[in-house]
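No lab work stands behind these numbers, since they all come straight from the coordinates. The shown structure was predicted, so the numbers you read here are calculated from the model rather than taken from an experiment. Neighbour counts run over all protein chains shown; Cβ positions are idealised from the backbone, glycine included.
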Amino acid sequence: MSASSVEVRDLVIEYASGGYAVRPIDGLDLDAAPGELVVLLGPSGCGKTSLLSVLGGILRPTSGSVRVGGVAVESLRGAALAEYRKQTVGFVFQAFNLIPSLNARENVAMPLLMAGVKRSRALERADRLLDRVGLADRARHKPSKLSGGQQQRVAVARGLAADPAVLLADEPTANLDYIQAEGIISLLRDLRADGRSIVVSSHDDRLVPIADRVVHLVPEFREDEQPPHLEEFAAGSVVFEQGARGELVYVIRSGTVEIIRQLADGGVEQLATLGPDDYFGELGPLLGFPRSATARAVSDLQLMAYSVQDFREQVLGSARAASNGHTKPVPVVPS
Ligand SMILES: Nc1ncnc2c1ncn2[C@@H]1O[C@H](COP(=O)(O)OP(=O)(O)O)[C@@H](O)[C@H]1O
Ligand SMILES: [Mg+2]
């Protein structure tokens with residue numbers, strides 16, 4: 001293992017999904033020094049697995065640079081890429097992914113055997129790694145005879161088989177109860193001492209206390225919420241862009257807005273045209289998702305902009321209170 005560090009700059013990962021473009025990672029910077037444990041934190045769907053796949057050389061990013069130990073991962077091809085995946089990075093998955101018919105030491109030895117290491121040497125190294133993760137006495141057990149926490153320890157040992165500079169763990173504690181999760185967390189913390197960079201993803205914040213660095217994949221919104229206010233847009237200008245993060249919900253005072261979705265092929269799909277008293281942009285902020293469509297002013301536009309909280313209380317609340325009368329039907333549009 002050579003001393004190595006992770007350096008990601010301006011990373012973009014975009015997928016074409018159901019005909020439109022999804023951009024879970026958009027302009028991310030990330031650093032991990034040797035011996036540092038970095039936690040990638042964010043809810044389901046925010047791009048944790050995508051990011052780890054890029055670091056592991058499994059997924060090619062849309063743009064940006066990924067350096068691991070000075071190697072430009074995004075430009076590796078063919079044999080060099082295969083070598084990178086085998087030697088430089090090790091993987092640990094949420095679901096352990098052990099081979100049921102092999103015992104613990106055979107599972108750990110598997111990547112070495114596949115790389116052509118002699119069986120006796122591979123098994124010897126597997127025994128040392130199982131000792132390192134505290135499972136020396138379970139080396140000859142099949143996965144079905146091990147607890148979830150023990151299986152994940154075997155998977156960590158397997159991830160270390162090739163002595164990688166960087167260990168990538170994708171939600172390694174998500175399938176474990178908190179006692180077993182604690183065991184895996186303290187194991188990952190111990191492994192820093194070997195001088196490896198460890199990058200762990202998680203959707204909950206239990207891992208935060210042990211992290212040397214936390215990367216929030218969904219930016220946390222500002223605490224100082226803006227009070228409801230008037231915003232004006234000239235005809236043709238954009239209120240918000242698909243994929244952007246936003247915290248405001250809009251109610252139209254005057255003018256017309258079109259809601260359009262940008263398609264993966266570069267085209268656009270018109271989803272709705274809205275006028276006075278219609279509102280839009282509520283789902284993204286409510287759910288903590290990026291905007292799922294672009295909103296553009298068709299004519300000169302006056303909008304009342306609300307925080308989610310104010311929108312709930314002042315717009316939805318008053319619509320509900322008045323719903324015995326004749327309120328305008330609430331448009332359901334993507335936001
Ligand atoms: N192969 C793919 N094709 C299209 N969309 C994808 C693909 N993989 C992931 N996505 C989308 O990218 C987003 C991020 O996914 P993922 O990286 O798995 O997030 P996480 O691991 O944080 O749950 C999700 O919206 C997901 O639906
Ligand atoms: Mg995932």
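Around Ser202, with a cut-off of 10 angstrom between Cβ atoms, what is the net charge of the other residues, counting Lys and Arg +1 and Asp and Glu -1?
Working: positive: Lys48, Arg206; negative: Asp170, Glu171, Asp204, Asp205.
Once all neighbours under 10 Å are counted, the net charge is -2.
Once you order the gyration tensor axes a ≥ b ≥ c over the Cα atoms, which shape class does the stretch 107-179 get: rounded for a/c under 1.5, otherwise prolate or oblate by comparing a/b with b/c? Verdict is oblate for the stretch 107-179.
Phi angles across the stretch 100-109 convert, under the Karplus curve 6.51 cos²θ - 1.76 cosθ + 1.60 with θ = phi - 60°, into 3J(HN,Hα) values of x, 7, 9, 7, 4, 5, 5, 4, 5, 6 Hz, Gly and Pro given as x.
When the square roots of the Cα gyration tensor eigenvalues are ordered a ≥ b ≥ c, the ratio a/c for the chain is 1.5 or more and a/b exceeds b/c, which makes its shape prolate. Close Lys pairs in the chain (alpha-carbon distance under 28 Å; sequence gap of 8 or more, or different chains): 5. By other beta-carbon atoms within 10 Å, ranking Tyr306, Tyr15, Tyr20, Tyr279 with the fewest at the front produces Tyr15, Tyr20, Tyr279, Tyr306. Backbone amide hydrogens, once placed in the peptide plane, bring Phe91 within less than 5 Å of Leu168, excluding anything fewer than 5 places away on its chain. Each residue of the stretch 305-311 is assigned a 3J(HN,Hα), and the resulting list reads 9, 10, 6, 4, 4, 5, 4 Hz, derived from the Karplus form 6.51 cos²θ - 1.76 cosθ + 1.60 (θ = phi - 60°), x at Gly and Pro. Using C-alpha pairs under 8 Å with a sequence gap of at least 6, the mean separation divided by the residue count of the chain gives a relative contact order of 19 percent. Phi-derived couplings, Karplus 6.51 cos²θ - 1.76 cosθ + 1.60 at θ = phi - 60°, listed residue by residue for the stretch 158-169: 4, x, 8, 3, 8, 6, x, 6, 10, 9, 10, 10 Hz, with x used for Gly and Pro.
Rounded to the nearest 0.05, what FRET efficiency do Lys142 and Arg77 have when you use their Cβ-Cβ distance and R0 = 45 Å?
Details: r = 38 Å, r/R0 = 0.85.
After rounding, the FRET efficiency stands at 0.75.
With contributions of -39500 (n - 2.57) from each DSSP H run of at least four residues, the per-residue ellipticity at 222 nm computed over the chain stands at -7000 deg cm²/dmol.
Can you give the charge dipole size of the chain about its Cα centre, rounded to the nearest 20 debye, using +1 on the beta carbon of Lys and Arg and -1 on the beta carbon of Asp and Glu? About 2000 debye.
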